[in-house]
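K.L.:
Can you keep this structure in mind? I'll have questions shortly.
The values are calculated or read from the model by the stated rules, or taken from the named source; none is laboratory data. None of the values given here were measured: they were computed from a predicted structure. Note: ideal-geometry Cβ built from the backbone for every residue, glycine included; neighbour counts use all protein chains shown.
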Amino acid sequence: MNPALRFSLAAIFAFCAVAYAEDDLPLITKPAKPISRPDFMQPLGAEWSVGKGKWEPSNGVLAVTEIPDEKHVPVLHLKTGPVSVVFDCEFRYNTAKIFYVGFDAAAKHCGRVSVMPKKVLLCEDSTEVKGKTPSHTLAELAVDLKPEEWQKLHVEYAGERLAIRLNGQKLDAEHPYLGTPKVRWWMAAGSGAEVRNVRVSEGDPIPQEAR
């Protein structure tokens with residue numbers, strides 16, 4: 001092989017290896033004890049519960065369907081308790097217009113990641129009142145997501161901090177209300193959305209000085 005070509009290929013492989021490694025690095029908390037690893041080949045486990053809509057697993061994909069009479073976006077809850085969390089999934093919109101990952105206290109939403117085709121918002125929900133006042137946006141990222149393409153979303157929560165990586169792009173935020181003790185996490189999406197490769201673990205927070 002031509003030495004120059006060999007060098008070029010080696011450089012490309014090294015760059016790809018570094019990029020891949022960086023894409024897997026934790027942001028604020030490392031995954032620890034697994035909470036749920038559904039394969040979507042069978043019914044969901046007891047840790048999951050449907051709040052609204054239909055969430056139907058089949059052939060490794062979770063299909064989302066809205067029930068018109070509910071007049072609410074489909075929601076799927078996951079029991080976690082008040083722990084740090086690492087949440088991974090892939091989703092695609094198809095006919096849907098939004099995808100959420102959020103977390104709740106016993107009586108109220110605490111915070112959420114709102115992923116729309118053109119922007120991503122990290123929000124705390126102390127100001128949120130359904131139909132009256134929206135969530136408080138803490139950070140925003142411009143994106144360009146195609147409805148037919150799978151999107152890779154990685155979410156980390158620890159203390160009062162929330163951080164994500166969407167298709168390699170990072171965004172993080174901090175707010176006291178995010179630290180409200182939680183009982184569950186959730187996904188929500190418009191009708192037609194699909195979800196796969198969901199992995200949820202308790203988090204092992206990284207000390208601030210080590211980040």
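K.L.:
How about region 45-62: which of its residues are among the β-branched types (Val, Ile, Thr) and more than 18 Å from Asp104 (Cα to Cα)?
P.N.:
As a first pass, look at region 45-62 and keep what is among the β-branched types (Val, Ile, Thr): 50, 61.
Passing the criteria: only Val61.
K.L.:
Considering only residues that are more than 15 Å from the chain's Cα centre (by Cα) and either touching a residue at least 40 places away in the same chain (Cβ under 8 Å) or part of a loop (DSSP other than H, G, I, E, B) (or both), look in region 159-178 and name the one that is nearest to Ile98 (Cα to Cα).
P.N.:
Taking region 159-178 as the starting set, the residues that turn out to be more than 15 Å from the chain's Cα centre (by Cα) are 159-160, 174-178.
Applying the additional criterion that residues be either touching a residue at least 40 places away in the same chain (Cβ under 8 Å) or part of a loop (DSSP other than H, G, I, E, B) (or both) yields 159-160, 175, 177-178.
Numbers: Gly159: 26, Glu160: 25, His175: 23, Tyr177: 24, Leu178: 22 Å.
This residue is Leu178.
K.L.:
Pull out all pairs, ordered by first then second residue, where Cβ-Cβ is under 7 Å, the residues are six or more apart or on different chains, the first lies in region 30-42 and is in contact (Cβ under 8 Å) with a residue 12 or more places away in the chain and closer than 9 Å to Gly60 by Cα, and the second is outside any loop (DSSP other than H, G, I, E, B) and basic (Lys, Arg).
P.N.:
Pairs found: Phe40/Arg196.
K.L.:
Here's another thing I want to ask about it. For region 93-144, how many residues are more than 18 Å from Asp172 (Cα to Cα) and within 15 Å of the chain's Cα centre (by Cα)?
P.N.:
Number of matching residues: 4.
K.L.:
In region 54-75, how many residues are touching a strand residue (DSSP E or B) at 6+ places or on another chain (Cβ under 9 Å) and closer than 17 Å to Phe91 by Cα?
P.N.:
Looking only at that region, the number is 14.
K.L.:
Within region 126-146, how many residues are assigned to a loop (DSSP other than H, G, I, E, B) and over 24 Å from Tyr93 (Cα atoms)? Working first, answer last.
P.N.:
Start the filter on region 126-146 by keeping residues that are assigned to a loop (DSSP other than H, G, I, E, B), which leaves 126-128, 130-132, 134-135, 143-146.
Of the ones still in play, those that are also over 24 Å from Tyr93 (Cα atoms) are 126-128, 132.
Qualifying residue count, region 126-146: 4.
K.L.:
Considering only residues that are among the hydrophobic types (A, V, I, L, M, F, W, C) and either touching a Lys or Arg at 6+ places or on another chain (Cβ under 8 Å) or closer than 15 Å to Ile98 by Cβ (or both), look in region 127-145 and name the one that is surrounded by the most Cβ atoms within 10 Å (Cβ to Cβ).
P.N.:
Only one residue fits best here, namely Leu145.
K.L.:
Looking at this structure, is Glu149 within 25 Å of Asp24 (Cα to Cα) and assigned to a strand (DSSP E or B)? It would help to see each step written out before you state the result.
P.N.:
Values: within 25 Å of Asp24 (Cα to Cα): yes; assigned to a strand (DSSP E or B): no.
It is false that Glu149 is within 25 Å of Asp24 (Cα to Cα) and assigned to a strand (DSSP E or B).
K.L.:
Picking from Thr80, Thr65, which residue would you name as being at pLDDT 95 or above and either over 17 Å from the mean Cα position of the chain (by Cα) or more than 26 Å from His109 (Cβ to Cβ) (or both)?
P.N.:
Thr65
K.L.:
Tally time: how many residues in region 105-115 are over 20 Å from Lys71 (Cβ atoms) and surrounded by 15 or more Cβ atoms within 10 Å (Cβ to Cβ)?
P.N.:
Residues meeting the conditions: 5.
K.L.:
From the set of residues in region 59-104 that are without any contact (Cβ under 8 Å) to a residue 12 or more places away in the chain and in a helix (DSSP H, G or I), which is surrounded by the most Cβ atoms within 10 Å (Cβ to Cβ)? I'd like the intermediate steps shown before the answer.
P.N.:
If we filter region 59-104 for residues that are without any contact (Cβ under 8 Å) to a residue 12 or more places away in the chain, which is where we start, we get 68-69, 71.
Still in the running and in a helix (DSSP H, G or I): 68-69.
Values: Pro68: 8, Asp69: 6.
Among residues in region 59-104 that are without any contact (Cβ under 8 Å) to a residue 12 or more places away in the chain and in a helix (DSSP H, G or I), the one surrounded by the most Cβ atoms within 10 Å (Cβ to Cβ) is Pro68.
K.L.:
Can you tell me which of Glu148, Glu124, Glu156 is among the acidic types (Asp, Glu), surrounded by fewer than 20 Cβ atoms within 10 Å (Cβ to Cβ), out of contact with any Lys or Arg (no Cβ under 6 Å at 6 or more places or on another chain) and touching a residue at least 40 places away in the same chain (Cβ under 8 Å)? Step through it out loud before you land on a result.
P.N.:
Values: Glu124 fails: surrounded by fewer than 20 Cβ atoms within 10 Å (Cβ to Cβ); Glu156 fails: surrounded by fewer than 20 Cβ atoms within 10 Å (Cβ to Cβ).
Just a single option satisfies the conditions, and that option is Glu148.
K.L.:
Let me ask something additional. For the condition at pLDDT 95 or above, touching a Cys at 6+ places or on another chain (Cβ under 8 Å) and basic (Lys, Arg), what is the one hit in Arg37, Arg92, Arg112? Reasoning before the result, please.
P.N.:
On the way: Arg37 fails: touching a Cys at 6+ places or on another chain (Cβ under 8 Å); Arg92 fails: touching a Cys at 6+ places or on another chain (Cβ under 8 Å).
Exactly one of Arg37, Arg92, Arg112 is at pLDDT 95 or above, touching a Cys at 6+ places or on another chain (Cβ under 8 Å) and basic (Lys, Arg), namely Arg112.
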